[in-house]
Amino acid sequence: MMELWLEIVLIVVALIAGLIIGFFLSRKYFKSYLDKNPPINEKMIRAMMSQMGRKPSEKQVRQVMASMKQNQ
């Protein structure tokens, strides 16, 4: 009877440890993925401003990118 409880406890502990390790590994992978492939880049901002009928200057594009990075 005691061996059964020990096996169950070990399975539960292993499951919890796997979930914790998996969470941190997936979080690290997702952060590195977003750093390499940002959701919006300067080219997209220029296209968006052009569609609104504006000729974006480099300063405006940089300001938008800086404000987006600050909000993350």
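Read-outs throughout are calculated quantities, based only on the coordinates presented, and are distinct from any laboratory measurement. Treat the numbers as computed from the prediction; the structure is a model and nothing was measured. Every residue, glycine as well, gets a Cβ built from its backbone with ideal geometry; the counts of neighbours run over all protein chains shown.
Quick one: of Lys36/Lys69; Lys43/Lys69; Lys31/Lys55, which pairs are farther than 25 Å apart, Cα to Cα?
The pairs that break the limit, which is 25 Å between Cα atoms, are Lys31/Lys55.
Just in segment 39-72: which trypsin sites (Lys or Arg not before Pro) are loop by DSSP and have at most 11 other Cβ atoms within 10 Å?
Values: sites: Lys43, Arg46, Arg54, Lys59, Arg62, Lys69; in loops: Arg54.
Of the trypsin sites (Lys or Arg not before Pro), the ones in loops of segment 39-72 whose Cβ has at most 11 other Cβ atoms within 10 Å are Arg54.
Could you work out how far helix 42-51 tilts from the main Cα principal axis of the chain, as a 0 to 90 degree angle to the nearest 10?
50 degrees
When a/c is below 1.5 the answer is rounded, else prolate if a/b is larger than b/c, else oblate, so apply that to the chain with a ≥ b ≥ c taken from the square roots of the Cα gyration tensor eigenvalues.
Numbers: a/c = 6.43, a/b = 5.45, b/c = 1.18.
In terms of gyration-tensor shape, prolate.
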